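Chemist: Take this structure first; my questions come after.
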Amino acid sequence: MKLRHRLITAVSVLVLAGGGMSADAQITMTYAVDSPQLAFIWQNTDKFEVLDSAYLTVTYSLHYRSSETDDSLSYEDLMDLQMGRKYNAFFSRNLRETDTKNTESINTHMYFAAGYEWSFIGFDLLLGHEDGILTETNRLPYTTEVIEYDEAIPAISWEYLPEDTLTVMGYLCQAATCSYGGRDWKVYYTDRIPLPYGPWKLGGAPGLILKAMDTENNFVFESVGLTQKSAPIIRYDWDRRKMKKDEWRKFERRVYEQAGVFARSTGTRILIVSDQGNRLLNENDNWSEYHITLER
C-alpha cells in the first residue's frame, strides 16, 4: 500500500487544581505529520446497530490519484461490498479496521495506536432494498463529526459490449459502459453471479461487477476477494449532521480548497515535523489540498 504519511497524536488536557478534571475541561488535540495533509481520525466503534446480515461480501482494491500528475494511481484502499436481504453496505475496510484498533487501544490502554498509514476513502454507503434509498456518510478530517445525505438508489443506463471480455478472479466477465456522476465508466460484470450490484454506486448490470474504471484514469476498482460467510451489516452511533447532496458537495470542495482555514476551525494543532524543525500548519490560510471525488 502506498504510504501517504504517518500521524502521531498527542493529547493536551487542562487539569484543575487538586488533580480532578471537570466535565468541561479543555482538551487540545495535536497531530504531527511529515507532509501537509487533511486526514481522517479515529471514530468510536463501540456503539452500533445491526441492520442486516450479509450473505456475500466482495472486497475491492481501489486505486486512485494522489495528484493531478499521478497517472500510476498510487493511492490504494480496500473496500468491502456487503450484500444482505434488506441492505447493502459499502465502506473502506482499512478505515474501519483502523477505527476498531484505536477504539480497542483507547479502552485498554487509554491512548491511540500511533503511527499508521493513511490511505483511506472517507465515506460509506448504505443501500436500502425496501425503500430504494441510498444513504452516504462522509467523514470530516480532524473531527469526529460526519455529514450524511440521502438520495434514491441510482437507476443507471448501461450500454453492453458482449464481445469485450475479461477474466477477473477466475470469472469470465463482459463489459458495459455508462455515464454517472459526471464521469464515464467502463465495468466488467459476470453473469455467473447474477446479482445487480457493484462497487460504489455502480449497479444494475445483469451480474456482479468485478472491475470498474473511469475513462479518465482516476479510479480503478477490482475485486480481490469474495466471502460467503455471514457478517453483520451495521450502522455506527456517530454524531451525524444531515445535509442535502448538493450542499455536501459544495462544502466538501471548500474543506479541501481552503484546507488551512478548515483545519484551524477544528480546534486542533497540526505540526509538520521535519529535519529543519517543526512548524505549525494551521497558521497557513493559503494551504489547499488536492482532492478528487468519485462523483463530480
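Chemist: Against the conditions (1) modelled with pLDDT of 95 or more; (2) open to solvent by less than 40 Å² (accessible area, probe 1.4 Å); (3) within 22 Å of the chain's Cα centre (by Cα), where does residue 102 fall short? Just the number, please.
Modeler: (1)
Chemist: Looking only at region 178-225, which residues are among the basic types (Lys, Arg) and either assigned to a loop (DSSP other than H, G, I, E, B) or at positive phi (or both)?
Modeler: Scanning region 178-225 gives 192, 201.
Chemist: Checking the conditions here, which among 24, 71 is of a type in the set (Asp, Glu), exposed (fewer than 14 other Cβ atoms within 10 Å of the Cβ) and at pLDDT below 95? Step through it out loud before you land on a result.
Modeler: Details: 71 fails: at pLDDT below 95.
Only one candidate qualifies: 24.
Chemist: Given (1) in a helix (DSSP H, G or I); (2) modelled with pLDDT of 95 or more, identify the lone condition not met by residue 149.
Modeler: Going through (1) in a helix (DSSP H, G or I); (2) modelled with pLDDT of 95 or more one by one, residue 149 breaks only (1).
Chemist: Related question: Hey, among the residues in region 270-296 that are at pLDDT 80 or above and open to solvent by 60 Å² or more (accessible area, probe 1.4 Å), which one's farthest from residue 185 (Cα to Cα)?
Modeler: That would be 273.
Chemist: Right, here's the next one. Only one of 254, 241, 264 is in contact (Cβ under 8 Å) with a residue 60 or more places away in the chain and open to solvent by 70 Å² or more (accessible area, probe 1.4 Å); which? Break it down stepwise before answering.
Modeler: Numbers: 254 fails: in contact (Cβ under 8 Å) with a residue 60 or more places away in the chain; 264 fails: in contact (Cβ under 8 Å) with a residue 60 or more places away in the chain.
Sole residue among the options that is in contact (Cβ under 8 Å) with a residue 60 or more places away in the chain and open to solvent by 70 Å² or more (accessible area, probe 1.4 Å): 241.
Chemist: Something else: Would you confirm whether or not region 170-177 contains a residue that is open to solvent by less than 60 Å² (accessible area, probe 1.4 Å), among the hydrophobic types (A, V, I, L, M, F, W, C) and under 25 Å from residue 252 (Cα atoms)?
Modeler: no
Chemist: Then there is this: Quick check on region 266-276. Is at least one of its residues in contact with a Phe, Trp or Tyr (Cβ under 8 Å, 6 or more places away or on another chain) and farther than 17 Å from residue 139 by Cβ?
Modeler: Initially, region 266-276 is screened for residues in contact with a Phe, Trp or Tyr (Cβ under 8 Å, 6 or more places away or on another chain), giving 266, 268-271.
Of the ones still in play, those that are also farther than 17 Å from residue 139 by Cβ are 269, 271.
Taking every residue of region 266-276 in turn, at least one turns out to be in contact with a Phe, Trp or Tyr (Cβ under 8 Å, 6 or more places away or on another chain) and farther than 17 Å from residue 139 by Cβ.
Chemist: Within region 227-236, is there a residue that is more than 18 Å from residue 88 (Cβ to Cβ) and either open to solvent by 20 Å² or more (accessible area, probe 1.4 Å) or touching a residue at least 60 places away in the same chain (Cβ under 8 Å) (or both)? I'd like the intermediate steps shown before the answer.
Modeler: Taking region 227-236 first, the residues more than 18 Å from residue 88 (Cβ to Cβ) are none.
No, the conditions are met nowhere in region 227-236.
Chemist: Here's something else I'd like to know. Looking only at region 245-296, count how many residues are within 19 Å of the chain's Cα centre (by Cα) and among the polar types (S, T, N, Q).
Modeler: 1
Chemist: Residue by residue through region 165-186, note down the ones that are within 20 Å of residue 216 (Cα to Cα), without any contact (Cβ under 8 Å) to a residue 24 or more places away in the chain and not hydroxyl-bearing (Ser, Thr, Tyr).
Modeler: 175
Chemist: Continuing with the same structure: Can you find a residue in region 134-141 that is open to solvent by less than 60 Å² (accessible area, probe 1.4 Å), hydrophobic (A, V, I, L, M, F, W, C) and within 19 Å of residue 202 (Cβ to Cβ)?
Modeler: We begin by selecting, within region 134-141, every residue open to solvent by less than 60 Å² (accessible area, probe 1.4 Å); these are 134-141.
This time we only want the ones that are hydrophobic (A, V, I, L, M, F, W, C), so: 134, 140.
Checking which are within 19 Å of residue 202 (Cβ to Cβ) leaves us with 134.
Yes; the residues of region 134-141 include at least one that is open to solvent by less than 60 Å² (accessible area, probe 1.4 Å), hydrophobic (A, V, I, L, M, F, W, C) and within 19 Å of residue 202 (Cβ to Cβ).
The values are calculated or read from the model by the stated rules, or taken from the named source; none is laboratory data. Treat the numbers as computed from the prediction; the structure is a model and nothing was measured. Cβ atoms come from the backbone with ideal geometry, glycine included; neighbour counts cover every protein chain shown. We work out accessible area using only protein heavy atoms, side chains counted, and drop any ligands, DNA or RNA first. Shrake-Rupley method; radii C 1.70, N 1.55, O 1.52, S 1.80 Å.
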